Each structure stands twice: as structure tokens, then as C-alpha cells.
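The block underneath contains the structure these notes are about, expressed in C-alpha cells.
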Amino acid sequence: AKYPFHFHLELGYRLTERTITVMWKVMNEDEKTMYFSIGGHPAFFCPLKEGEKQSDYYLHFDTDQPLHYLLIDDAGMAVKKPYEEQNRLKTNQGFLPIGPHMFDQDALIIEENQ
């Protein structure tokens, strides 16, 4: 199948000190309304040095509140639940250690600019 719209896509990553910003810009170059959804995620390679463990690495968020996230089902679709029923990750003052089982159920989709 071919996507039935003419469009221009720009995406970028900006690394400022220890912060990564992901930028998306989708421009409809067609005369009709373009319906779309877009998403993606950065990936990080964290080689362990001698004496280190995976939990020595972390993600840091600008919040000390629990993070709400969605999971992917077997069809590759995000499992949407009411906000109050979504899965939650507790952080320690915004720090979330990376553990060996963090991605056992695939990617964690953290929405709403958390």
C-alpha cells in the first residue's frame, strides 16, 4: 500500500549538555486534509564497564511525579487505558534507574511530555 498524501517530514535530535530533545515537523503538501499519526523513540547504547551494573544507568525526567506509560500489544499497537488506570513508573526525584527487565514487554510509551 502507498501512503495517499504528499508531505514533507523533518526530524531532528538536539543534545544540549545532558538533555536530548526530539523534534518532529510534518508538512502537508497536498490540497486535502492529511490524517496521520507519527511516533518514534531514541535508542541508547550503554556498554557496561568492568564493575558497573545496568542499574548504574538512569533516565532523568523533569518531574518527581510517577510517569504514566503505555505498552505495545501483540499487533504492535499501543494499549490505551484511561489515564488513571495507566501503568506507572515511580522515579526518585525524576531519576529512573534502567533495570534488566525494564523493557521485557517492549518499549514504554511515555506520553504527554512527561
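Annotations
- Some residue of the stretch 5-24 being in a strand (DSSP E or B) and among the small types (Gly, Ala, Ser): yes
- Of all residues in the stretch 1-57 being among the basic types (Lys, Arg) and assigned by TED's automatic domain parsing to the domain that holds residue 91, the one that is modelled with the lowest pLDDT: 53
- Filtered by the rule that a residue be in contact with a strand residue (DSSP E or B) (Cβ under 7 Å, 6 or more places away or on another chain) and either more than 22 Å from residue 22 (Cβ to Cβ) or at pLDDT 80 or above (or both), the stretch 80-105 gives 83, 87, 88, 89, 91, 94, 95, 96, 97, 98.
The values are calculated or read from the model by the stated rules, or taken from the named source; none is laboratory data. Remember, it's a predicted structure, so these values are computed and weren't measured experimentally. Glycine also receives a Cβ, built like all others from the backbone with ideal geometry; neighbour counts cover every protein chain displayed.
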